[in-house]
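Everything on this sheet refers to the single structure shown next.
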Amino acid sequence: MKGTVFVLLALVFTIGLSAQVYTCKDIQYTTATNGNSNYVNQDIQVRGIVTAFKPGVGLYIGDPIPEGEDGKWRGLYIHDAATSNAVQLGDMVRLSGRVLELNSFTQLRSVTSFVIESGGNAVPMSIVTAADIPFSNSTSEPWEGVHVRINNAKINSAMNLFGQVKITDVGSSVEAMIDNELYIAPSANFVVGD
């Protein structure tokens with residue numbers, strides 16, 4: 001009887017652990033100097049609202065932002081073509097997959113399960129300045145994968161070979177970079193100085 005109770009408790013404990021659903025902030029938040037997630041190479045389940053997607057490529061999800069807080073650490077990239085073809089902005093989704101760091105970019109890959117829990121949710125977004133997310137600077141790490149808006153942005157560079165464009169706030173010299181991972185626009189649409 002003692003052995004049966006122990007096995008039952010172990011089974012309940014194991015099922016309880018595997019059923020944990022994380023937030024984007026849980027996965028992204030780190031104090032590691034290299035910016036890597038504490039969950040690298042672990043299979044996890046995460047829930048978030050679709051903030052952007054590119055069919056056939058991937059999507060971003062974000063946590064709802066509590067009143068009075070900013071959106072730091074509250075976004076995550078999901079690299080999975082199938083799920084990106086099935087979602088709309090504002091869908092609350094739950095996914096299971098493996099957390100990886102590729103080129104210092106935290107993401108969920110090898111998606112094994114995907115559920116749309118609801119639709120039509122408000123898309124979380126934070127208003128930031130270029131100084132909040134400077135290009136090639138570790139202070140940008142908390143904003144990785146987060147849906148942000150920069151008001152009065154100005155294009156500072158032509159699109160490079162990787163589809164990236166440097167931008168600033170009007171009147172600022174601090175540059176941030178946007179990437180064509182999720183927008184589809186010919187480079188002719190980006191005019192330096194606009």
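The values are calculated or read from the model by the stated rules, or taken from the named source; none is laboratory data. Everything numeric here is computed off the predicted structure, so don't read it as measured data. Using ideal geometry, Cβ is built from the backbone for each residue, glycine included, and neighbour counts are taken over all protein chains shown. For the accessible areas, the whole protein counts, side chains as well, though only heavy atoms, and no ligand, DNA or RNA atoms are used. Shrake-Rupley method; radii C 1.70, N 1.55, O 1.52, S 1.80 Å.
Tell me which GluC sites (Glu not before Pro) from the range 38-146 have a DSSP coil assignment and no more than 14 other beta carbons within 10 Å of their own. In loop regions of the range 38-146 (DSSP not H, G, I, E or B), the sparsely surrounded GluC sites (Glu not before Pro) are 67, 69. Partners of residue 154 within straight-line reach, counting aspartates and glutamates whose Cα lies under 19 Å from its Cα and excluding those fewer than 8 residues away in the same chain: 132, 169, 175, 179, 194. Mean silhouette area of the range 42-87, derived from the convex hull of its C-alpha atoms and averaged over all directions, reads 3.7 nm². Accessible surface area normalised per residue over the range 108-150 is 54 Å², counting heavy atoms of protein chains with a 1.4 Å rolling probe.
Overall dimensions of the range 26-117, expressed as equivalent-ellipsoid semi-axes from the Cα gyration tensor (√(5λ), whole Å, largest first), are 20, 17, 11.
Taken as Cα centroids, the range 36-104 and the range 131-169 sit 19 Å apart, rounded to the nearest whole angstrom.
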